[in-house]
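Contents: one structure, followed by commentary.
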Amino acid sequence: MLLPPFHAAFGSNVHRGDDFFGNVNLTLVDDVDIRIGDDVMIAPSVTLTTTGHPVHPSRRADFGRFSEPIDIEDKVWIGSNAVILPGVRIGHGSVIGAGSVVSRSIPPVSVAPRAPCRVVRAITDDDLTTRTAGG
């Protein structure tokens, strides 16, 4: 079941299993594959995005971007307003807490909440060579 409204960049790169439930305002940026397993529940206003932009401002000048697939294994529950970022795998049976920003893969049968926004480092010239368009 998928409740409207629903938004997808393409739709053709989304692959879902059986007994899927997607609540209202689900947004899928499926520039590459998003795979959703069986018995997955997604709460309202969740975003799954396979595409991001480089950190260094000169790499973003021409709208440089990168895309990496998202894999959500069976029996996962994703809470309201969560954001799942490129390249993430959420393991079987895990729960993603409401409001979480998931930038790293989550192991099976885990509870993963939170989204602290904080400065972690400065942008440097090293960022010119990481996560570039097409790379």
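The values are calculated or read from the model by the stated rules, or taken from the named source; none is laboratory data. Source: prediction; values computed, not measured. As a convention, Cβ positions derive from the backbone with ideal geometry for all residues, glycine included, and neighbour counts pool all protein chains shown. To get the accessible areas, we keep the full protein, side chains included, count just its heavy atoms, and leave off ligands, DNA and RNA. Shrake-Rupley method; radii C 1.70, N 1.55, O 1.52, S 1.80 Å.
Measure off 7 Å from each Cα along the Cα-to-Cβ vector at R114 and S12, then give the distance between these two points in nanometres to one decimal.
Between R114 and S12, the simple spin-label model gives 4.1 nm.
Give the long-range amide H neighbours of A8: residues separated by 5 or more places, or on another chain, with amide H under 5 Å away, using H modelled in the peptide plane at 1.01 Å from N.
Distant-sequence amide H within range of A8: L28.
Using the basic label-point model (7 angstrom from Cα toward the beta carbon), what is the F20 to R60 distance in nanometres?
Label at F20, label at R60, 3.0 nm between them.
Name the long-range amide H neighbours of I36: under 5 Å, sequence gap of 5 or more, or other chain; modelled H, no Pro or chain starts.
H15, R16, G17, I72
When only alpha-carbon atoms are used, what values of Rg and Dmax, in angstrom, describe the range 52-132?
Just the Cα atoms of the range 52-132 yield Rg and Dmax of 14.8, 42 Å.
Give me the one-decimal nm value for the distance between modelled label points at E68 and L128, 7 Å along each residue's Cα-to-Cβ direction.
Between E68 and L128, the label points sit 2.3 nm apart.
Between (1) 48, 36, 26; (2) 46, 30, 23; (3) 40, 37, 31, which entry matches Cα extents along the principal axes in Å as derived from the coordinates of this structure?
Given (1) 48, 36, 26; (2) 46, 30, 23; (3) 40, 37, 31, the calculated one carries the label (2).
In the range 1-118, what percent of the accessible surface is made up of carbon and sulfur (1.4 Å probe, ligands and nucleic acids excluded)?
Answer for the range 1-118: carbon and sulfur cover 55 percent of the accessible area.
I need the Kirkwood Rh of the range 22-91: take the reciprocal of the average 1/r across all distinct C-alpha pairs and report it in angstrom.
Working: mean 1/r = 0.0786 Å⁻¹.
Hydrodynamic radius (Kirkwood, Cα pairs) of the range 22-91 is 12.7 Å.
What does the charge count around D33 come to, taking other residues whose C-beta lies under 13 Å from its C-beta (Lys +1, Arg +1, Asp -1, Glu -1)?
-1
In the chain, which longest range has no trypsin sites (Lys or Arg not before Pro) that are both DSSP loop (not H, G, I, E or B) and surrounded by at most 14 other Cβ atoms within 10 Å? All intermediate terms of the calculation are to be shown ahead of the outcome.
On the way: sites that count: R104, R114, R118, R121.
Answer from the scan: 1-103.
For the chain, what does the accessible surface come to per residue with a 1.4 Å probe? Please give it in Å².
Numbers: 7730 Å² over 135 residues.
It amounts to 57 Å² per residue over the chain.
Pick from G17, G99, G37 the residue whose mean-square fluctuation is largest in a GNM of the chain, springs joining Cα atoms under 10 Å.
Among G17, G99, G37, the largest mean-square fluctuation in the Gaussian network model of the chain belongs to G17.
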